[in-house]
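A short write-up of the structure that comes next.
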Amino acid sequence: MERRLDNILQWLDANRKRFEQDLFSLLKLASIGTDPAYDDQVRETGKWIHDFFGSIDFEVKWIETCGHPIIFAQSPPVDNAPTVLVYGHYDVQPPDPLELWDTPPFEPAVRNGNVYARGATDDKGQMLTHLFSCEAWMKEKGSLPINVKFFIEGEEESGSKGMNEMLAGKYDADIGMPVNELLAADVAVISDTSQYGPGQPAITYGLRGIYYWELRLKGPNRDLHSGAFGGSVSNPANALTHMLDALIDGDGRIQVPGFYDGIEELSEKERQLFADLNFDDAAYMKELGVDAIHGEKDFSTLERRWARPTFDINGLWSGYQGEGAKTVLPAEAGAKFSFRLVPGQSLEKVKSGLEQILKENCPPGIQMELIDMHGASGCVVSIDNPFLKSAAEAVKKGFGVRPVFIRSGGSIPVVLAFKELLGIDTMLLGWGLDDDNPHSPNEKFSLDDFFRGTRSSAILWQELASKS
Ligand code: BES
Ligand code: MN
Ligand code: MN
């Protein structure tokens with residue numbers, strides 16, 4: 001058994017440079033899922049992944065959806081062995097603002113052992129670790145010791161419309177079977193999160209959900225002179241700030257009626273688990289360039305980030321933003337904002353409460369349009385899942401350090417879908433770091449972690465096989 005793994009690990013060592021070259025070629029494709037101008041490159045990225053699976057003798061399906069294609073692939077079947085479902089996403093966030101990148105976002109560049117490019121950590125680099133670990137087994141051994149299925153989408157960053165239709169059974173005829181049969185597995189694995197810190201790998205057992213909104217306000221039928229007209233009609237920009245301000249108080253408590261209903265409060269045990277991670281607030285402040293941390297009253301930084309719901313404005317527009325002063329009363333204003341949710345909260349309740357509080361605070365003479373962009377609940381998986389022991393062992397061997405268990409504030413909506421549709425838990429094995437800048441300029445991924453992740457993945461297949 002161990003010998004077999006030695007050969008695999010040697011094969012990985014010998015191919016390390018090639019993995020990096022392949023990663024760079026994938027990162028060169030600008031698969032910006034939200035922007036139709038990039039549809040061709042999005043499809044090319046899907047094709048790259050599809051063809052990779054063909055090259056390692058996996059059975060692969062290209063699934064057209066209402067949005068970007070989904071790639072499903074499957075290792076040669078092994079009897080009496082568990083089945084793992086690996087999810088990843090090949091779409092990336094827009095790279096704007098471009099001028100803040102030190103090197104262009106789709107020209108991967110290596111500095112200090114990191115590759116810099118949009119998608120480096122989120123999620124191309126992390127996702128590829130599982131493709132390469134499978135390649136190692138196939139090329140070195142001709143098969144995997146367990147069954148691995150891949151389920152890779154191109155709309156994670158924009159609400160996963162196509163994937164959700166597929167999960168709802170809409171493409172069953174195209175795929176030739178019910179979707180829950182296609183995806184049936186014992187456990188899921190996703191690498192799209194972070195380690196606790198450099199040199200300290202982690203397994204994430206909880207994620208926050210998200211509810212994303214756009215609010216558009218209309219006032220007078222044209223921009224007005226703010227002197228000639230100001231004070232006589234509502235100003236949409238004033239209205240917008242007033243309405244958004246009503247959503248949260250100075251102690252970081254969200255004011256949407258019913259917002260906190262049903263939340264499972266953190267247990268003392270879990271609070272202690274967080275506290276034992278010895279999070280360094282001073283280092284965090286320094287790293288982020290702020291002179292204070294601030295958030296919901298009576299909670300620690302990790303509790304606020306991982307286990308408390310929040311409200312954040314993601315974008316805001318109205319009025320004059322050019323050089324100098326312009327005395328305008330703008331005709332329109334708008335904002336994009338989102339709530340992070342934790343287990344127990346109800347999307348329906350948040351929605352109706354939000355509609356209510358915005359209406360109550362919308363001044364006379366303003367027309368409001370509220371657009372529900374996408375929503376997903378938070379989730380926590382049981383730490384007692386026996387597969388997690390194998391994962392912890394694999395990560396320990398791959399990184400040389402035992403992983404800690406953490407939660408994360410980000411959202412990966414498919415985790416809940418796997419639980420509800422397939423009845424399986426997801427193991428979030430994150431190879432990234434908190435300062436990788438996903439969604440920001442200068443996104444990066446450590447090439448050492450890329451390799452350690454690949455190694456951990458190859459070991460995981462073995463660990464899971466020896467437990468069956
Ligand atoms: N990989 C992230 C999720 C993530 C980020 C998990 C940081 C843990 C730490 C994922 O690609 C992502 O960005 N998800 C979106 C949600 C989606 C529905 C738009 C997010 O969290 O904003
Ligand atoms: Mn991601
Ligand atoms: Mn992301």
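G375 passes all but one of (1) among the small types (G, A, S); (2) open to solvent by 30 Å² or more (accessible area, probe 1.4 Å); (3) at pLDDT 95 or above; which number fails?
With (1) among the small types (G, A, S); (2) open to solvent by 30 Å² or more (accessible area, probe 1.4 Å); (3) at pLDDT 95 or above applied to G375, the lone miss is (3).
Is it the case that some residue within the stretch 31-41 is assigned by TED's automatic domain parsing to the domain that holds E165, under 22 Å from V415 (Cα atoms), surrounded by fewer than 21 Cβ atoms within 10 Å (Cβ to Cβ) and in contact (Cβ under 8 Å) with a residue 60 or more places away in the chain?
yes
Mind checking which residues of the stretch 387-423 are in contact with an Asp or Glu (Cβ under 9 Å, 6 or more places away or on another chain) and within 16 Å of ligand 3 (Cβ to nearest atom)?
Across the stretch 387-423, the qualifying residues are G410, I412, P413, V414, V415.
Would you mind finding the one in R304, R308 that is among the basic types (K, R), part of a helix (DSSP H, G or I) and touching a Gly at 6+ places or on another chain (Cβ under 9 Å)?
Being among the basic types (K, R), part of a helix (DSSP H, G or I) and touching a Gly at 6+ places or on another chain (Cβ under 9 Å) holds for just one of R304, R308, which is R304.
One residue is enough: does the stretch 104-117 have a residue meeting the conditions within 16 Å of ligand 2 (Cβ to nearest atom), at pLDDT 95 or above and within 22 Å of H50 (Cβ to Cβ)?
Yes: the stretch 104-117 contains one or more residues that are within 16 Å of ligand 2 (Cβ to nearest atom), at pLDDT 95 or above and within 22 Å of H50 (Cβ to Cβ).
In the stretch 207-231, which residues are more than 16 Å from ligand 2 (Cβ to nearest atom), open to solvent by less than 30 Å² (accessible area, probe 1.4 Å) and assigned to a strand (DSSP E or B)?
Listed by number, the residues that qualify are Y211, W213, E214, L215, L217, L224.
Which one of D435, D384 is open to solvent by 20 Å² or more (accessible area, probe 1.4 Å) and either within 16 Å of ligand 3 (Cβ to nearest atom) or within 21 Å of the chain's Cα centre (by Cα) (or both)?
D435
Within 19 Å of L416 (Cα to Cα), open to solvent by 20 Å² or more (accessible area, probe 1.4 Å), in the same structural domain as N7 (by TED's automatic domain parsing) and more than 16 Å from ligand 3 (Cβ to nearest atom): which single residue out of A188, A173, A184 fits that description?
Of the residues listed, the single one that is within 19 Å of L416 (Cα to Cα), open to solvent by 20 Å² or more (accessible area, probe 1.4 Å), in the same structural domain as N7 (by TED's automatic domain parsing) and more than 16 Å from ligand 3 (Cβ to nearest atom) is A184.
Can you pull out every residue in the stretch 65-75 that is in contact with a Phe, Trp or Tyr (Cβ under 8 Å, 6 or more places away or on another chain) and either in a loop (DSSP other than H, G, I, E, B) or open to solvent by 40 Å² or more (accessible area, probe 1.4 Å) (or both)?
Result: T65, P69, Q74, S75.
Output the residues belonging to the stretch 94-114 that are within 16 Å of ligand 3 (Cβ to nearest atom) and open to solvent by 40 Å² or more (accessible area, probe 1.4 Å).
P94, D96
The values are calculated or read from the model by the stated rules, or taken from the named source; none is laboratory data. Please read all numbers here as calculations on a predicted model, not as lab measurements. Glycine gets a Cβ as well: all are built from the backbone with ideal geometry, and neighbour counts include every protein chain shown. Ligands, DNA and RNA are excluded from the accessible area calculation, which covers all protein heavy atoms including side chains. Shrake-Rupley method; radii C 1.70, N 1.55, O 1.52, S 1.80 Å.
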